[in-house]
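Below is one structure, written out as structure tokens; comments come after it.
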Amino acid sequence: MKTPLLTATALAVLIALPIAARAAEDDFAKTHPFATADKDGDKKISPDEYVAYVAPKTDAAAAKEKFAALDKDHDGYLSREEFRAGMGTKGKKKKGD
């Protein structure tokens with residue numbers, strides 16, 4: 001009697017884990033800045049995606065200049081690491097710089 005119950009429990013866990021993982025991925029995509037900026041979901045940010053992402057706070061010319069500075073490998077896209085390196089910086093010099 002215990003074997004069918006254990007089998008059913010194991011099956012339920014095997015089915016639930018991928019569903020939970022997918023839900024966590026979806027939540028991440030909705031809240032993480034990189035995922036928000038990466039509109040086409042190709043895991044890299046194009047110049048147009050970056051300009052659109054920073055548009056509310058930055059004009060297009062400044063955004064393109066910032067994009068070029070962040071694109072360390074000069075492949076024309078921002079990787080997650082390149083994008084993360086630019087987070088928290090506003091492109092303004094601090095006093096004393």
Kindly identify the range 33-89 as rounded, prolate or oblate by the Cα gyration tensor criterion: order the square roots of the eigenvalues as a ≥ b ≥ c, call it rounded if a/c is under 1.5, otherwise compare a/b with b/c, prolate if a/b is larger, else oblate. rounded
Mean separation of Cα contacts under 8 Å (6+ apart) over length of the range 33-89, as relative contact order %: 34 percent
Suppose the chain between residue 87 and residue 48 were pulled fully straight at 0.36 nm per residue; how much longer would it get relative to their current alpha carbon spacing? 12.3 nm
Extension gain (nm, one decimal) between residue 9 and residue 72, 0.36 nm per residue minus Cα-Cα: 17.7 nm
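Bear in mind that the values in this text are calculations on the coordinates, not laboratory data. Please read these numbers as outputs of a predicted model, since none were measured by experiment.
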